């Protein structure tokens, strides 16, 4: 359309209006009036809902302390609602007045969208940090949601404030300024941070969610007044540190014109916004420590336009192709120190590679992309420091930094979604690697499988993330086969251990019964030998086969009493009568018992012959034979499965480890740690020579309480009593490996690290 046909009152963007002119003054008054009216209504609605929300939360509180917090918050809000609302609206009015007077604040010196950027982390308390993250999250979300309308408002306000550049951070009615004003108002409330965070959510829900109409009103009024009437609500180039927009039309693949791949999920967007605040604060402090902005830390001074996603992926692919072929075995792996150095240099190498592709000396990336690069770098630094992984596996998995950076740039849901295929594959690799040891993987099957997956990602992954699903399925199939094979071996080990323990328990019980009934009495060698060897074997087998409630077991104990009684000296007629009454039963029981423990008939007859001679002597029918009581030792062959009873009689308690325990081993911390172990948990054991082995708790004996540990092939590695295991914990010879998924542990550690001030 030609200029001749345009309305005479149209104001072009290139014009610079004097804010002191009457016309501009009227437009500014219109904006102030619209903002005051709309925000007052939205704030009133919010406060009416705060009371109900806090009351509902108090009714559903998990404990009395939480309920008290919510009720106290209700009372505080009711009491100070007026001053909070007045402070909020008053701050908005001051921001509009400053805008009307041409006093625009520089976004770099404000705390609107990056509230932690210029605050010393050492001075930021836990509550302040949580509040800042909440503000940052809701500001970022609403700036994305309202991007089109907000862009138009920025452009029109730029015209009526004299042509000064206006962006989201400096807009007096933008989400950042409104959130900052509300934060000023909330300083009047003396409430717990938990309550304050709930109020922020309600501010987001009832105020920021309703400013769409305010922006529509402002755009319509200014357009009708001739301020950029032809301007459509299109988004110009956003701030370099803002994440790409989200919405129904977003995609998880990179776009050639943007610096970053979009975050396609609200949870992922919020997570990245929170991390962005922490990264911004950390970089702000680093810049202050390093001198002039952009010169510290060895990072090149930014020059030229930011690279597109396609450029970054192309540069990463080139770097990925330069990684050498992995060594054939674990013993040939590159050292951990060398890999750690490579992990730390990737960001610098990427910038250099982009510069080479462009023919320029240096390059820089957007803030959100820099966050992603740093986040992936910290993830792999964590892997290299993770004591849950053997060093050989740390070095192997650390090779995946470039593929995972490519995934993160393609789809930042990697950091927020546990179901992301690339995240699940890394978790599965780390979980399998946790139980790896050179001893437990002598055939190298697990090492070779992990190595194969790493190599295929390095060689085959470009931008198709479906490869992670395929490799995860392949790894799971391999682990399922290995697990079934290990379960069979593990079952055999447990059954063998269980059998030995039952035998040992039966031998102890037999020894206790026999020793208790002898009770220090001096028995003839023949009687003693039968009880402690032949009959002890029978008692043991009876316990193993039928249990202590069986009639046969109780009859075996009665035989012991009768047999001991038969060895007492006989002094009169009544004594001889009682002995003769016992002998038929003794012979019947002895024949039956010896037959059940596989005595040969000839051996049984020889033993009975010796006993007949002994009893004739007892009854005074023959002269005493000094050698008759010594024949039993050589005349009684024993079954191989059962050893002599004298050993358990001499040492009825089997727990050699207790004798060597120190007082530290019985510290309740270590005993509790041992008691709380669950079957399936992995431990690392360190031998005296410093070598380590990894083992899984396979079984806890219900008989002795001993802990059986096996390696990933199901073979026995260790066998400890509770006290022995406590001692191993106390001495550092054993430690429990964390069962939490690698990615979860890494994210928790990274956030904690970002929230902790660095030493100068």
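Quick note: the coordinates plus some simple rules give every number you see, no bench work behind them. This one's a predicted model, so the numbers in the text were calculated from it and none came from an experiment. Note that we place each Cβ from the backbone using ideal geometry, even for glycine, and neighbour counts take in every protein chain shown.
Note on residue 616 and residue 44: their simple-model spin labels are 12.3 nm apart, each label 7 Å out from Cα toward Cβ.
State the extension gain, in nm to one decimal, for the chain segment bounded by residue 75 and residue 338, taking 0.36 nm per residue of separation less the distance between their alpha-carbons.
Values: separation 263, 0.36 × 263 = 94.68 nm, distance 5.98 nm.
Gain on stretching residue 75 to residue 338: 88.7 nm.
A simple spin-label model places the labels of residue 417 and residue 562 7.9 nm from each other, with each point 7 Å out along Cα-to-Cβ. Each Cα pair under 8 Å and six or more residues apart adds its separation to the average, and for the range 306-486 the resulting relative contact order is 25 percent.
For the pair residue 321 and residue 678, the difference between a 0.36 nm per residue extended length and the Cα-Cα distance amounts to 124.1 nm. Overall, the anisotropy analysis places the range 306-486 in the prolate class: the square-rooted eigenvalues a ≥ b ≥ c of its C-alpha gyration tensor yield a/c not less than 1.5, with a/b exceeding b/c.
In percent, rounded to a whole number, the relative contact order of the range 438-582 is 17, using alpha-carbon pairs under 8 Å and six or more apart. Protection proxy ranking of 488-500, 402-414, 77-89, by the mean of other Cβ atoms within 10 Å over each peptide's residues and highest first, is 402-414, 77-89, 488-500. Placing pseudo-labels 7 Å out from each Cα toward the beta carbon at residue 687 and residue 504 gives an inter-label distance of 2.2 nm.
Given 10 °C and 1.306 mPa s, how large is the Stokes-Einstein diffusion coefficient of the range 656-736 in µm²/s, with Rh as the Kirkwood radius over Cα pairs? Please list the in-between numbers first.
Values: Rh = 12.6 Å.
The Stokes-Einstein estimate is 126 µm²/s.
Peptides 668-677, 167-176 ordered by packing proxy, namely the average of other Cβ atoms within 10 Å per residue, highest first: 167-176, 668-677. Spatially, the range 668-698 and the range 178-201 are offset by 47 Å when compared through their Cα centroids. Here 420, 562 are placed in order of increasing Cβ neighbour count within 10 Å, fewest first, which gives 562, 420. Which of the three applies to the range 148-187, rounded, prolate or oblate, going by the alpha-carbon gyration tensor with a ≥ b ≥ c and a/c under 1.5 meaning rounded? In terms of gyration-tensor shape, prolate.
Residues of the range 390-431 with an amide N closer than 13 Å to a point placed 7 Å from the Cα of residue 483 along the Cα-to-Cβ direction: 428-429, 431. Note on residue 466/residue 216: beta-carbon distance plugged into 1/(1 + (r/R0)^6) with R0 of 41 Å gives a FRET efficiency of 0.45.
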